[in-house]
1. Would you kindly state how much longer the chain becomes between residue 336 and residue 133 on full extension, computed as 0.36 nm times their sequence separation minus their alpha carbon distance, in nm to one decimal?
2. How much FRET efficiency would the formula 1/(1 + (r/R0)^6) give for residue 282 and residue 122, where r is the Cβ-Cβ distance and R0 is 56 Å, rounded to 0.05?
3. Tell me the label-point distance for the pair residue 233, residue 216, using the 7 Å Cα-to-Cβ offset, in nm and rounded to one decimal.
4. What is the gain in length, in nm to one decimal, between residue 195 and residue 94 on full extension, counting 0.36 nm per residue of separation less the C-alpha to C-alpha distance?
5. Working out 0.36 nm times the residue gap between residue 15 and residue 295, then minus their Cα-Cα distance, what length gain in nm do you get to one decimal?
6. With the crude spin-label approximation of a point 7 Å out along Cα→Cβ, what separation in nm comes out for residue 345 versus residue 43?
């Protein structure tokens, strides 16, 4: 009996009217095309019985095919005792829906209590939400390290929406806050500012690696122009109540007399404007301002800012999940989405010192 001929990528490309490179990228779960194009490629590949080398090696010929439209259930796990999503979680979830909705995949939000619970509770919680039977889980950002470590041990496909811990055996996707801070600092330095007030979270805050990495990036960029940074002279207590935050703000403003403020947490922006107004500081006439933003702020327009691609991160995480399911034994990847810096109207250059010690961007 003659052996059935194997279809090639070139033949798939010709039937679909696409380039060979586009078809190859779709089959390997790589970005760079619309969801409709990806779905068309996977559907035709399934009909023709085409499998990539990785899929053959991973023994994925289980009869379920490449495209499981409407047959998958995923979980988006958030650490919260309050039972609601933070704004950034909503943006990430929207990005996942952008990718999964056309495929009719189900994505459920699951809240995991942050307080310490007995081990029996953990087992009951896993069973209650059927985590071990999910097609995959997304471990969201702002997850305490102890809970994150437990979730990383679950034997289902996982995508971590965070900077990965050392040696983590998981794919991760995250917006690059380190690059955001570096771009912001370099922009201010090249505008002549040397006395920059950092506003963010405590560098030692457990569980939130992104906040620690922001502070490290700030220190390193300032060190490049010979400026040492002392955390006691900066506002690094965003998790405190507002009265204590304002006290810290007053102390740092009085002591530092900064020419520029770098805000590294989106939701602090309104409080910074309020505090500046209370102390008679005009932006940018008296003090320049750069603030990290998750989305364009219509209430405070024209702010100079690095724009974090939070929604795009969710979309990329969903794409990576699809790829991981098809390639369970492939090497893990840590993906950081690049930041776009937007020059607004909240930074005034200091002309006299701009030429001294400028930093290459």
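Quick note: the coordinates plus some simple rules give every number you see, no bench work behind them. Quick caveat: nothing in here was measured; it's all calculated off a predicted structure. When we count neighbours, we look across all protein chains shown, and the Cβ atoms used for this are built from the backbone with ideal geometry, even at glycine.
1. Working: separation 203, 0.36 × 203 = 73.08 nm, distance 2.88 nm.
Using 0.36 nm per residue and subtracting the Cα-Cα distance, I get 70.2 nm.
2. Details: r = 52 Å, r/R0 = 0.93.
Once the sixth-power term is evaluated, E becomes 0.60.
3. 2.3
4. Working: separation 101, 0.36 × 101 = 36.36 nm, distance 3.84 nm.
The span from residue 195 to residue 94 would gain 32.5 nm if fully extended.
5. On the way: separation 280, 0.36 × 280 = 100.80 nm, distance 4.03 nm.
Separation in residues times 0.36 nm, less the Cα-Cα distance, equals 96.8 nm.
6. Taking the two extended label points, one gets 4.9 nm.
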